[in-house]
Every structure is written in C-alpha cells, then in structure tokens.
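S.K.: Take this structure, written in structure tokens, and hold onto it; I'll ask about it next.
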Amino acid sequence: MRLGSALRSPSPALVASVLAVTLVAGLGAAAREPAGSAATDTAAMRSGALDVGGLAAAPVAPLPDAVAPVPPPPPLPAPAGPTPEVAPLTELRAPDLLVTVPATLRPEQVAALGALPNLSALSVLDAGTVRVAGQDARLLGVDPSTFRAFTPQETAQSDDLWRAVARGEVAPTYVLARDRQLTLGGPITMAGSAEVPGRVGALAAFGLPGVDLVTDTTKARSLGVVPASAVLVSAPQTSISALKKAVQGALGPDAVVDVLRPEVAKAPKGKPRNYRDLYIDSARYCKGLSWTVLAAIGQVESGHGQHLGPSSAGALGPMQFLPSTWAAYGVDGDGDGQADIMSPYDAVPSAAAYLCRFGANRGPDGLYDAIFAYNHADWYVQKVLGLAAQYR
C-alpha cells in the first residue's frame, strides 16, 4: 500500500456540467451486469430511473510513482511462543457512543450500562494518552475478541490483526503510522508512566474519534493507561439523544460522550430528483461532510448507479455495500419502512451515515480515515478526494 500516493487529476472538461445525462454509460468498481439482466431491470425499478443530474463520470487514473519507493527496513521477528486464540467475528456492531471516564468504571456502573433499554452490545476498554515519537497519541487497551466487532468490516475481519493485538503488539492507525514514520513489523516506543518498547503488528482503520493506537490490556496497563475507563455502546433502536442522556445518567457528569451515530437533520419534502440532488440531501446524515465526497464514492463504486453488482467480493447496490456491512449500517433513507441495499434512496444516506460514524466530520484526518474505512486502500482515498475536488 502506498501512503500519500500521487493522483492524476481529471481535466475540467471531463467534469463539465451535463444538464440531462441519463444512466447509459460510466465507470464503476462493481462487476457489470449484462444488459437486460434481471438484476439490472430490478435495480432500475428500485432506483426510480434516477438520472445523474449534471454529474459527469470522469475517469481518474493514479500516476505511477515518480521515484522508486525506498524499501522498508526488515521487520522485527514475531514474538516467540503460541499465538493467543481470538474469537471469530460473528456479527458487526455499529457503535453509537464512545464514552470515557476519569477513573476505572465500578461494577455497578457497568451493570447500569448493561441494563440500558434496547442495548445491542457493549465493550469495556482501557483508555489513556501516551507519547509516540515525542507527541501525544490516544491508546486503547482492548479484548480483541469483543472489540473487533465494533470496527469497520475489513478491520474486523482480519484475524491476523487481532492475533497480533492479542500478542501484545501495537496496531496504529494509518494516519499515525504516516505521521510518526512507523512501519509494519518495525519497532515502536510508547511512553506513559513508563517507557515501553513494542512492535507494530498491524496497521488499521478503527473509525473512533481520536483513537490512534490499539493493543491488548496487558500492554496498555504497563503504560499506566486507566483500566476499564472507556466503553463502546451500541443501541441502534434508541434515539441518540435518549441514549446519551441514559449513559450520562448511569456514569455521572464526568463522563465524556463522543457521539458516533450522527444526528440526522430534517429531510426536505419529496424525493430527490436525481443523483446530484440525492448526494446533496444525504449529506445531512453527516454534518460537515461535503456532498461531493458522496458523489465521488458513487462514481467510483457504481458510476452513479449504473453497475449494481454483485462485485467479485459480493458487494451490491449503487454504493457497493457488502450485505454483512449493510446489516449493521444500512438505514431507511426514504422512510418506506425498509432499508434496501439496492435503492439509492437508502444506499446513499447509508454511505453518509457510515462515513460519519468513522470520522468524516472530524477534519482532514478524520475524513481520510472514514474513506479508508469504506475501502481499505490509499489509492482509493486519493481517488475519491481528487474526484470530490473536481466536483466542487
């Protein structure tokens, strides 16, 4: 993976406004259905024959590296001894709140959280700040078997990543690895109440606000991180305001609550008339997210609804969700009582909500992490950001 790879920007002519472009041709990441197939006909009915609304499908190709990459240093040998067992991933959990407290949660506080109405899942974490390369970084100590379900799909599915964490190795985010010049398999020194050497066992996108590093609880506590001082809460059937109030009531006024499920602004009357309007409307699911990012993802994934899959990986619909991800993150965008992976009126709002959960409204680094969580590739992030800039 090339961090910070170069991007060839499309010429302005390729993204010139087209007033009435129907869904006839375009580029997409999904596998194409043959013309006239049942899947295509069904998708057309579900999409309501939305047109592009002035968005041109501009091809974008990354430039080759101008300079030969410098080979990374040889990785450190993996720690000796048996690899700890990590429970397999059975289901993704959409995190709604990340809550931190100044001291270890008391058993009665954890019990109160476990009794919240409509609670779907809970994960108690160790949390604190350490120094890496002379700068602060937020560290979580986790039980890999339970924590993995709260992360983006590709992160959650990586057994090797979670085995590395279970061994006491450290998994920084890609952004932290880039900024602090950390390499996979290389050394990392963290300073907390003590200075502790470690090994970078994996790089990952966690999609949690301000979280830079993840390791197991033993390693985290050796750094002086406060045990059981944070918790992830998932209760998708409870309104976010009611959930936040209930958690604050259970933990007291010192609890710091980061909202991961976005508050959705009121929908305008009527359905959007085309994809451009739909992208603009769906940005209300993530205050601070530009609609152009959704448009760029929609172009790359399906050519604005022209190629609906299934892809070789089994992704479906105009925003190319895997069904397992959709089960955790799909939303009913048009209020018809169901979240339909093939409907643009549900898929585009779901993409906005997914991006928001993983940091799209938290500045440039948060946006990078969120797009990376959508598709684990630096070239993909650069391509989406480049297209979004052209749409602006």
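The values are calculated or read from the model by the stated rules, or taken from the named source; none is laboratory data. Note that the structure is a prediction, hence the values are computed from the model and not measured. Reconstructed Cβ throughout: ideal geometry from the backbone, glycine too, with neighbour counts over all protein chains shown.
S.K.: With 290, 234, 241 as the choices, which residue is of a type in the set (S, T, N, Q), touching a residue at least 12 places away in the same chain (Cβ under 8 Å) and crowded, with 22+ Cβ neighbours inside 10 Å? Explain how you work it out, then say what you get.
M.R.: Numbers: 290 fails: crowded, with 22+ Cβ neighbours inside 10 Å; 241 fails: crowded, with 22+ Cβ neighbours inside 10 Å.
Just a single option satisfies the conditions, and that option is 234.
S.K.: Restricting the search to segment 328-369, which residues are over 24 Å from residue 209 (Cβ atoms) and either among the aliphatic types (A, V, I, L, M) or assigned to a helix (DSSP H, G or I) (or both)?
M.R.: 339, 341, 342, 344, 345, 346, 347
S.K.: Also, quick follow-up: Looking at segment 318-327, which of its residues are free of Cβ contacts under 8 Å to residues at least 60 places away in the same chain and assigned to a loop (DSSP other than H, G, I, E, B)? Walk me through it before giving the result.
M.R.: To start, the set of residues in segment 318-327 that are free of Cβ contacts under 8 Å to residues at least 60 places away in the same chain comprises 319, 321, 323, 326.
Matches in segment 318-327: 319 only.
S.K.: Can you pull out the residues in segment 252-287 that are β-branched (Val, Ile, Thr) and out of contact with any Phe, Trp or Tyr (no Cβ under 6 Å at 6 or more places or on another chain)? Don't jump to the end; show me each part of the working.
M.R.: Going residue by residue through segment 252-287, those that are β-branched (Val, Ile, Thr) are 256-257, 259, 264, 280.
Selection gives 256, 257, 259.
S.K.: Scanning segment 107-125 for residues that are in a strand (DSSP E or B) and of a type in the set (A, V, I, L, M), which turns out surrounded by the most Cβ atoms within 10 Å (Cβ to Cβ)? Break it down stepwise before answering.
M.R.: Looking only at segment 107-125, we keep the residues that are in a strand (DSSP E or B), and these are 121-125.
Those left that are additionally of a type in the set (A, V, I, L, M): 121-122, 124-125.
Working: 121: 18, 122: 17, 124: 21, 125: 28.
Filtering first and then ranking leaves 125.
S.K.: Looking at (1) more than 24 Å from residue 112 (Cα to Cα); (2) touching a helix residue (DSSP H, G or I) at 6+ places or on another chain (Cβ under 7 Å); (3) not acidic (Asp, Glu), which is the one condition that is false for residue 307?
M.R.: Here residue 307 clears every test but (2).
S.K.: Among the polar types (S, T, N, Q) and within 24 Å of residue 372 (Cα to Cα) - does that describe any residue in segment 110-122? Explain how you work it out, then say what you get.
M.R.: Filtering segment 110-122 down to residues among the polar types (S, T, N, Q) leaves 118, 120.
The next check asks that each one be within 24 Å of residue 372 (Cα to Cα); those that pass are none.
There is no residue in segment 110-122 that is among the polar types (S, T, N, Q) and within 24 Å of residue 372 (Cα to Cα).
S.K.: While we're looking at this one, here's another question. Considering each residue of segment 126-152, count those that are farther than 17 Å from residue 226 by Cβ, under 21 Å from the mean Cα position of the chain (by Cα) and crowded, with 18+ Cβ neighbours inside 10 Å, and give that number. Before the answer, list the steps.
M.R.: First, the residues of segment 126-152 that are farther than 17 Å from residue 226 by Cβ: 132-135, 144-146, 148-152.
Next, from what is left, pick out any that are under 21 Å from the mean Cα position of the chain (by Cα): 144-146, 148-152.
Add one more test, that the residue is crowded, with 18+ Cβ neighbours inside 10 Å, and what stays is 144, 148-152.
Looking only at that region, the number is 6.
S.K.: Here are 148, 178: which of them is in a helix (DSSP H, G or I), closer than 16 Å to residue 86 by Cα and assigned by TED's automatic domain parsing to the domain that holds residue 228?
M.R.: The conditions single out 148.
S.K.: From 374, 345, grab the single residue that is crowded, with 18+ Cβ neighbours inside 10 Å and under 18 Å from residue 92 (Cα atoms).
M.R.: Numbers: 345 fails: under 18 Å from residue 92 (Cα atoms).
Unique residue meeting the criteria: 374.
S.K.: Which ones in segment 245-259 are within 25 Å of residue 332 (Cβ to Cβ) and in a helix (DSSP H, G or I)?
M.R.: 245, 246, 247
S.K.: Restricting attention to segment 224-244, and to residues there that are farther than 24 Å from residue 332 by Cβ and not in a strand (DSSP E or B), which single residue is farthest from the chain's Cα centre (by Cα)?
M.R.: 224
S.K.: Does residue 191 meet the test of being outside the structural domain of residue 363 (by TED's automatic domain parsing) and crowded, with 18+ Cβ neighbours inside 10 Å? Step through it out loud before you land on a result.
M.R.: Numbers: outside the structural domain of residue 363 (by TED's automatic domain parsing): yes; crowded, with 18+ Cβ neighbours inside 10 Å: no.
It is false that residue 191 is outside the structural domain of residue 363 (by TED's automatic domain parsing) and crowded, with 18+ Cβ neighbours inside 10 Å.
S.K.: Out of everything in segment 192-209 that is under 15 Å from residue 126 (Cβ atoms) and touching a residue at least 40 places away in the same chain (Cβ under 8 Å), what residue ends up being farthest from the chain's Cα centre (by Cα)?
M.R.: By that ranking, first place goes to 192.
S.K.: Let me ask something additional. For a quick check of your reading of the model, give me the residue pairs whose first member lies in segment 366-391 and is in contact (Cβ under 8 Å) with a residue 60 or more places away in the chain, whose second is aromatic (Phe, Trp, Tyr) and surrounded by 24 or more Cβ atoms within 10 Å (Cβ to Cβ), with beta-carbon atoms closer than 6 Å and at least 6 apart or on different chains.
M.R.: Pairs found: 370/358; 373/358.
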